[in-house]
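Notes follow the structure.
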There are 2 protein chains.
Amino acid sequence: MRELSIGEVALASGVAASALRYYEKAGLLPAPPRRSGQRRYDERVFGRIALIRLALEAGFTVSEARLFVSGFSADTPPAARWRLLAARKLEELNAQMERARRMKSLLETSFRCRCPRLEDCERYLGAVKRRGGTRRSGSSCA
Amino acid sequence: MRELSIGEVALASGVAASALRYYEKAGLLPAPPRRSGQRRYDERVFGRIALIRLALEAGFTVSEARLFVSGFSADTPPAARWRLLAARKLEELNAQMERARRMKSLLETSFRCRCPRLEDCERYLGAVKRRGGTRRSGSSCA
DNA sequence: CTACGAGTTAAAGTGCGCTTCAAGTCAAGC
DNA sequence: GCTTGACTTGAAGCGCACTTTAACTCGTAG
């Protein structure tokens with residue numbers, strides 16, 4: 001199990017060294033042992049980093065991600081708060097997926113239609129908003 | 001067709017008046033006619049606002065959204081750039097949905113498992129990352 | 001011994017999407 | 001005439017997630 005410098009971890013993970021230091025200060029990454037002042041990581045850090053990136057890219061704020069990874073790593077589990085966060089985030093993820101789905105559908109439709117007027121496609125948007133299908137409204141977007 | 005003040009539009013749309021002014025300056029909303037200096041909107045603005053909010057909430061930047069709505073409204077259509085943006089955004093939306101799906105799956109699983117150690121669940125995360133299923137890895141997370 | 005590259009810190013800077021502020025205009029009501 | 005409240009503008013401020021900067025310490029190579 002090699003010991004890795006912050007530069008090596010940055011290179012291998014694709015996350016900048018400055019971001020890794022920032023995550024550490026923010027309580028997302030545990031402070032690794034130092035060799036003459038320099039951080040030495042072991043390979044398990046990659047799992048943690050992947051977890052952090054997934055959470056952040058899924059829309060968690062840094063402090064939400066902190067609670068998430070700390071609750072997740074089960075030392076001092078603040079189970080109640082963790083579950084509350086998880087439940088809230090599940091709803092947000094559903095909303096996010098729904099929005100992405102609607103936007104995709106709108107983009108795909110307007111990609112292939114030569115919709116002459118904004119209004120027509122807004123009517124489509126309205127349809128998308130309410131029913132969410134890829135079906136087309138009777139009135140527009142040939 | 002009533003003429004609406006910015007305050008009325010803000011109230012009805014749920015978007016702050018300051019944000020509406022910002023959208024106008026940013027070229028997302030057309031500048032409406034003024035009555036003694038004050039903006040007067042008609043109801044069609046709500047469609048535009050919904051379009052803008054959907055795009056922004058789906059992860060478009062303001063300038064992407066500007067291209068999107070302007071290309072969409074078909075006066076001076078910069079079709080090539082529009083289609084390029086649309087294609088790129090479709091990919092991003094797919095990535096976003098995939099991330100949301102993975103995060104959801106992780107959250108749901110760890111919600112109901114009393115996973116004792118971070119590593120085990122990271123192994124699960126690895127499984128989620130590679131295969132993306134809700135299936136469970138042989139080794140962890142009872 | 002010197003120079004170099006990679007690391008260290010605290011603090012300041014960045015870009016985005018707004019929000020807030022300060023100072024002013026306008027129409028309506030008393 | 002005066003006040004009130006909603007509006008106007010440009011400019012400054014904010015929160016977030018980092019990045020950049022400045023000044024410094026190490027270990028290694030020449």
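Other protein chain C-beta atoms within 10 Å of residue C-beta, averaged over A:47-60: 4. Plainly put, the tip 7 Å out from Cα toward Cβ on residue B:12 is 5.9 nm from that tip on each other copy, the closest given first.
3J(HN,Hα) along region A:46-56: 5, x, 4, 4, 4, 4, 4, 4, 4, 4, 5 Hz, from the Karplus curve 6.51 cos²θ - 1.76 cosθ + 1.60 with θ = phi - 60°, whole Hz, x for Gly and Pro.
When every Cα-Cα distance of region B:1-76 is counted in 5 angstrom steps from zero, the calculated P(r) takes the values 3, 15, 29, 27, 16, 8, 2, 0 percent.
Throughout, read-outs are computed from the coordinates displayed, never taken from laboratory work. What you see is a predicted model, and the numbers here were worked out from it, not measured in a lab. Backbone-built Cβ (ideal geometry, glycine too); neighbour counts: all protein chains shown.
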